[in-house]
Structures are given as C-alpha cells and as structure tokens.
Amino acid sequence: MGQREEAAGVIDKVAGPLIVATGMRDVQMHDVVRVSEKKLIGEVIELRGDRASIQVYEDTAGVGPGEPVYVTGEPLTAELAPGLIGGIYDGIERPLETIRAVAGDRIPRGIDVPKLDRSRRWRFVPCVREGDTVQAGDVLGTVEETPAVTQKILTPPGVSGVVRWALDGEATITEPVARIADASGRETEVAMLQKWPVRVKRPYAGKRMPTEPMVTGQRVIDTLFPIAKGGVAAVPGPFGSGKTVVQHQIAKWSDADIIVYIGCGERGNEMTDVLKEFPALTDPRTGLSLMERTVLIANTSDMPVAAREASIYTGITIAEYFRDMGYQVAIIADSTSRWAEALREMSGRLEEMPGEEGYPAYLSTRLAEFYERAGWVRCLGSEERYGAVTAIGAVSPPGGDTSEPVSQATLRIVKVFWGLSSDLAYRRHFPAIDWLRSYSLYDGTIHAYFNRHVNPAWSAQVAEVKAILQEESELNEIVRLVGFDALSEKDRLTLECARSIREDFLQQDSFREVDRYTSVNKQAEMLSAILAWYHGGLRALERGAPYRALATSAALGLISAMKYRPEEEWPQHAAALRKTMEEEFAAMAQGGDGN
C-alpha cells in the first residue's frame, strides 16, 4: 500500500476479524495498520487508552497474542487516478487482476501491490498555462482513460494559486503534471494520483434537488417509479425475486456516464456473471464494451466479512471522484444487507449494546451516511460544472420481510422503493417489481420533465395506468369469489387492459436484444397505444359492441407485438396499429363485431 510502517503495538486478543492490541497510544481512529508478521491489513475502529480494536480485512487464522502490530499513520484511503475504469478490485481497492498475475488464483494474505499501475504512462493534455490562477476543483488537464471516459485532472482540495508550470506530454500517475504557487510563493506539485480517505465525503460547492430522470430503459421503472439523477433507491426483495437482475439491467442500460458496481457480500456466481457479461456487452451509448465506463468492486460472501464495510466506502469515494469531474455516476450496491451483517458481527465482537435483532444501534446512521453521499452537486472550481451520484442499494430481508431493521432503516432514507415480488418472479415476470407496493417520491418532478420533453400527457397517462392496475387488483378479488362471468363488460375490458399493461408493457425480456432496453419515446408511444385501445373499447361498449369482439380484436395482437419491434421499425408498426384500431372501432360503431 506504500505507507511507512513502524512497529507500535502488540496483539492482546484475537476474535475472528477483530483484534485488540496494546501499546497503540499514538494511533488515530480509522488509521490503517498491519497486523502480525503476515502484514494483514486492518483498520482501527475503537480506542480506549493505549488499547485499540482493529477490524482486519483478511483472514486472521494463525494469528495469536504477542505478535506485533505495525502502524502506517494514514487512514484507509482510495487511490484516484487514470487507470480506475475497467478495473476489478476487492473491498479495499486491491486490483484482483494484478494479484492474480503476481500470485495466482488465490489472494495470499498480506499481499501488498499498488492499487493503481505506477508504470503506465498517460498522455496529459493541459487546460491551463503558466501564469493562470486556479482554485480547488479547477481543471488542470485531461487524460483519455478509455474511448468512453476522459478524466479531468483537477486542482486538489486545499490547493490554489498561480500555475508555474504545466506538463504537455506523457507521465505516470505519480509524476508531477503541474506546479502551483500560493500567495506566499510556496509551490505545490500536483500529480494525477490523488488519495482520499474513504470515510470522508469529498467536498463540493453546493447541492441542489435532482430534477432530471436517470433513464434505465426498464419500462416499469422509467414510467411508473422513476429515479432522478442524484437520487437514492432501494431494491428490497426475498431470495430469488430478481434483485440482482434489476441491478444488472440498470448497470447495463442506464444513461449514467460511469457505473460503479459493488458486489458486497453476494455469492461468487453472481459476481462471475457480471465479470463475464459486462466485457461482452456493447454499451448503447458509445458502441464500445460496457467495461469502458465501469468500475467493479468484487467482495463476495466467501471473502472476510469485515471487508464488506470497506467496499461500500471505497465504491462511493470512487463515484464522488468522477462526480467532481462533472460526470453522472450510478453506484450500485448488492447488497447493503450483507454490509449490515458485517456491522452486526463487528458490533457483537466489540460487545456493544445491541439494537433490534442484534444490529448496532447506529445502523440507521451508517446507512444514512452512505446514501447522503449521493446527490446532484455543483462541483468545486471557478467554472460552473455539475455532477451527480445516483445510489441504488439492494436489500435482502430474510423471507422478504421488509419489517426487519435494515429494510426499515433504508426506507426511511431513500426516495424510491422498488419492492420485488417472489410471486411475479416465479411467474417469470421480469423485472419483478410489484406495482402495488412500489413508489417513487421523484415522480412529480420527473413526470413534469417527461411532460415537457417526451409527451404532454405523460403524467396523466401514468396516473391512469396506476389506477387501472389498482382496479385490477380489486376486481381479481371479486373474480375469486364469484367468477369472471359475474363481471360487467366494462370490468372485463378493464381486466384485459390491465393484462396488456402487465404483459405487453411492464414485462421485459432481457434475453432479447430488442426488448432489453426501451427508449422513453417508445415507452410513451406504447403506453399511448394501450390506453387508446382501452378508451376506444369503452366507447364501443357504450354503443353496444360485445366484449368478445374487443377481446379478439386484431389490434390486441399488434399491441402484444409492440415491444418486439425495433426502434427503426416503430413508426410503421404504430401506423398499422392506429389504422387497425380505427377500422375495428368504426366497424363496431356500425353494428359489426370488428372481426
């Protein structure tokens, strides 16, 4: 990790990932230490006199009392520089691909490799000249990290003054690219590499309310329960309900500039799916591999439990780093329940007073600290520049019981709740987001945005769709009691419309390229077509047309085929659908059956 190391303490007690050491009077909270001669990485989480409780991020098997503890004098930090994009890291930002090249398929305990490549040279294009005055957050130059991402090298927080020199050429991330003199004439050399304590939020000039949608291409999300750029969302659901599927879809298709995906305590096969799929997927925004704008943090369930906590903070710090450049970043944590389990285990070993179900009393505070680092901000710097971090966390309540502490603490913080249904998942309805339980507190702002930019009737149509789905739920109760035949023809038409909304609009097939992503314009047109058929059907019933004619209309078949029509074929399909509906409803108005 590159820190200085001095022997300071002696191990007094070992309790799994918790180690208590004496002789630690000079260390600070959250300092990184190296435990035993194996040099295991740990972090100080409690101080009492000269005794320090250390959370160790590696397996402590074989470590015993009497062994030394080495102090580094630095907190747990993330390294931020060109080379991040496309990388695969563990919870404390160790590069897994580099470790594999050095040590093979297993991570040796205590291995010390640079988090980012110190030898690679990057082409630095200066944006300032000698004599320019800069302040914290100003862009000194740019580096094309991938064809999809250009990193802006910023003046570090706390640095300002006059540029004495700026590089125009190649350099490694540790070599200086600029020198800045402050008012007293003292010069500061600035390199591309920045280090930032992961538990400290990066500064910004101001924060504003999120107003723009983060388009995911998932119709149930974008239409019914949208999330704003800079917003926070939770995806709770029982095992097998599709939390990971939803998060993968958002990571693949959302219109965020950068994706930071954290596999926090999830099973190894799920991270394997990510590692296999993302490099093979073509990004619809750039036409390049999705990994060209993605950072992966893989901290699976068989890795040391304590590292789960660090992975969340490492991920959000990387997200803030790209936000400060003016990018829209989506951070996806799968799952915060596993992170909370790590908090519970460490709290128990520290013998703290437990809260509900054994979780620490500060669980809500820790969750809030994570989600509050999301937001739409004005970045530091003299030039007006905005960036956003959108945080989406999966929650895995046992048995799908969202009354448990992690779910309840999360729901008090987030503004979007995508409640997953195991019943929908078992019926192969994906995304399995339950439209009767879910909600979005951004819908007023986002619907107003879509009214202006997509369809003036957007908010009215969405409200009608929700009302139809709610009415379907009530009608289904009647059907269970007295049967379908007891319903009026209008109620039967409402059920048919609700079925079309569910199957033809809300349900998507991630295995079919044409249906895995839908633009908002096509979403608006699909919704308009379904509601146009419904309204036409209501008028036809008023004129005496039988429900049977509506249920067997050719227009319904064209509506079912909508989602499988590519965007370029949509105008012709929409024209054929409109013509068919006009002809059928005209025939019904003249007393025919529409067939």
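Using the structure shown, decide if Asn299 is in contact with a Cys (Cβ under 6 Å, 6 or more places away or on another chain) and under 26 Å from Gly400 (Cβ atoms).
In short, yes.
For the stretch 317-344, give me each residue that is closer than 17 Å to Glu404 by Cα and either among the aliphatic types (A, V, I, L, M) or assigned to a helix (DSSP H, G or I) (or both).
Matches in the stretch 317-344: Thr336, Ser337, Arg338, Trp339, Ala340, Glu341, Ala342, Leu343, Arg344.
I need the full set of residues from the stretch 191-205 which are more than 15 Å from Arg373 (Cβ to Cβ) and open to solvent by less than 60 Å² (accessible area, probe 1.4 Å), in order please.
Residues satisfying the conditions are Ala191, Met192, Leu193, Gln194.
Matching residues to (1) farther than 23 Å from Tyr426 by Cα; (2) open to solvent by less than 10 Å² (accessible area, probe 1.4 Å):
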| residue | (1), (2) |
| --- | --- |
| Pro210 | yes, no |
| Arg219 | no, yes |
| Thr223 | yes, yes |
| Val246 | no, yes |
| Gln249 | no, no |
| Asp257 | yes, no |
| Cys264 | yes, yes |
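Tell me which helices (runs of 4 or more DSSP H) are completely within the stretch 399-514 and hold 2 or more residues being open to solvent by 10 Å² or more (accessible area, probe 1.4 Å) and over 29 Å from Arg539 (Cα atoms), or say none if there are none.
The helices (runs of 4 or more DSSP H) meeting that bar are 405-411, 422-426, 443-453.
So is Glu583 open to solvent by 40 Å² or more (accessible area, probe 1.4 Å) and acidic (Asp, Glu) or not?
Judged against the criteria, Glu583 is a match.
Check Pro279 against each of (1) in contact with a strand residue (DSSP E or B) (Cβ under 9 Å, 6 or more places away or on another chain); (2) open to solvent by less than 60 Å² (accessible area, probe 1.4 Å); (3) more than 28 Å from Ser382 (Cβ to Cβ) and name the one condition it does not meet.
(2)
Mind listing whichever residues of the stretch 230-241 are within 17 Å of Ser438 (Cβ to Cβ) and crowded, with 24+ Cβ neighbours inside 10 Å?
Gly231, Val232, Ala233, Ala234, Val235, Pro236, Gly237, Ser241
Among the numbered criteria (1) open to solvent by less than 30 Å² (accessible area, probe 1.4 Å); (2) among the β-branched types (Val, Ile, Thr); (3) without any contact (Cβ under 8 Å) to a residue 60 or more places away in the chain, which one does Ile107 miss?
Unmet for Ile107, out of (1) open to solvent by less than 30 Å² (accessible area, probe 1.4 Å); (2) among the β-branched types (Val, Ile, Thr); (3) without any contact (Cβ under 8 Å) to a residue 60 or more places away in the chain: (1).
On the given criteria, is Ala136 open to solvent by less than 10 Å² (accessible area, probe 1.4 Å), touching a residue at least 12 places away in the same chain (Cβ under 8 Å) and in contact with a Leu (Cβ under 6 Å, 6 or more places away or on another chain)?
Criteria not met by Ala136.
Could you please find all residues in the stretch 554-566 being in contact with a helix residue (DSSP H, G or I) (Cβ under 6 Å, 6 or more places away or on another chain) and either part of a helix (DSSP H, G or I) or modelled with pLDDT under 90 (or both)?
The answer is Ala554, Ala555, Leu558, Ile559, Ser560, Met562.
Restricting attention to the stretch 212-237, which residues are of a type outside the set (A, V, I, L, M), assigned to a strand (DSSP E or B) and more than 26 Å from Gly399 (Cα to Cα)?
Result: Pro213, single match.
Which members of the stretch 515-531 meet the condition of being assigned to a loop (DSSP other than H, G, I, E, B) and either touching a Cys at 6+ places or on another chain (Cβ under 6 Å) or not aromatic (Phe, Trp, Tyr) (or both)?
Once the filter is applied, which keeps residues that are assigned to a loop (DSSP other than H, G, I, E, B) and either touching a Cys at 6+ places or on another chain (Cβ under 6 Å) or not aromatic (Phe, Trp, Tyr) (or both), the stretch 515-531 yields Asp515, Arg516, Thr518, Ser519.
The values are calculated or read from the model by the stated rules, or taken from the named source; none is laboratory data. Remember, it's a predicted structure, so these values are computed and weren't measured experimentally. Every residue, glycine as well, gets a Cβ built from its backbone with ideal geometry; the counts of neighbours run over all protein chains shown. Keep in mind that these areas ignore ligands, DNA and RNA; they rest on the heavy atoms of the full protein, side chains included. Shrake-Rupley method; radii C 1.70, N 1.55, O 1.52, S 1.80 Å.
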